[in-house]
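Before any comments, here is the structure.
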Amino acid sequence: MATRFALIIEPTASDDARSDFSATFRQVDASAPALSVGELSTQRGDGIFESIGVVDAHPQEVDAHLERFVRSAEICDLPVPNVEQWRQAIDAAAVLCGAGEWVVKTILSRGIEHGPTPTAWVTAADAADFSRPRRDGISVVTLDRGFDLNTPARAPWLLLGAKTLSYAVNMASLREAHRRGADDAVFVSSDGFVLEAPTASVILRRGDVFVTPEPTGGILHGTTQLSAFAWLDEQGYQTAYRDVRADELRGAQAGWLVSSVRLAAPIRRVDEAAMPVDHELTDALNAYLLSPRD
């Protein structure tokens, strides 16, 4: 996934009421140096981001992504993003994308160490080809995340509900999954509850009810999961947010990892246990997720 375009943004106050922010961002050569060596996003991972799927130059679920972006900024004590400014920057980046699937990333960091302002930018890149996992499914292993379900309430400084740039643990978890012969991982709490995947939300089917873990601070509220639930509701299914025990993952009638770029990948194996794959429903869900929606 190579970055093709980048926009540098001059962040404005969240209460700036102007209607045109085009003068506050500029396109730069994505292959050229653009950040200072004192930038805290690279030195400490001190910042937040969102990855927005783009289909045929249409950015998907922008409102939900921006809501989560603002929430992450608040959790991390960063300046509250000006939503309209970022929306226009996302649209400007999406226009540069051609046909097919792309990913636009919004990044806000604390800036240069001891500097006066945050650093902000948007990138656009070709999306990886996820046609195989969408079609054939994926295998996952469960990994202990090392804290219990109540940890986020006891220790909010862990920033567990924010989408931060500190993704080293997530990437290490994926490498561990690969070492165990699986495609991906699902985090479980130390007291035995399903949380999320390193880069995706978990949806399980239990009879005619589709459930996902309650986003109570320990996990991100997935934007694609929200869209998937909206579609399932329209199809007449029941959807529910609740605590999900790890044994329910292994005993589900079907399961998916869902995210903005991969979309819905059916789970075909959990640890050493096979899981049924509903190809028809998966195809219909991905067709919806690939359709233009705001």
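Just so it is clear, none of the values below were taken in a lab; they were calculated from the coordinates. Model, not experiment: these values are computed from the prediction. Ideal geometry is used to build each Cβ from the backbone, glycine not excepted, and the neighbour counts take in all protein chains shown.
Worth a mention:
- Neighbourhood net charge (15 Å Cβ-Cβ; Lys/Arg +1, Asp/Glu -1) for Ser109: -2
- Antiparallel DSSP beta bridges within the stretch 131-289, as percent of all bridges there, nearest 5: 55
- Dipole in debye (nearest 20) - the chain, about Cα centre, beta carbon charges: Lys, Arg +1; Asp, Glu -1: 600
- Taking a sphere under 14 Å around the Cβ of Phe69 and counting the other residues whose Cβ falls inside, with K and R at +1 and D and E at -1, yields a net charge of -1.
- Between Glu234 and Asp278, the FRET efficiency from the beta-carbon distance, with R0 = 22 Å, is close to 0.80.
- Per-residue HN-Hα couplings for the stretch 32-46 [Karplus 6.51, -1.76, 1.60; θ = phi - 60°; Hz; x = Gly/Pro]: 9, x, 9, 10, 6, 5, x, 5, 6, 5, 8, 6, 10, x, 8
- Linear extension gain, Arg250 paired with Leu158, 0.36 nm per residue minus alpha-carbon span: 30.3 nm
- Working note: Cα atoms of the stretch 139-294, range along each principal axis, descending, whole Å: 39, 34, 26.
- Cα-only Debye scattering, the chain: base-10 log of I(q)/I(0) at q = 0.16 Å⁻¹: -1.36
- Taking the DSSP bridge list for the chain and keeping only pairs wholly inside it, about 80 percent are antiparallel.
- Label-to-label distance, nm, for residues given as Ser291 and Asp20 (7 Å Cα→Cβ offset): 3.5
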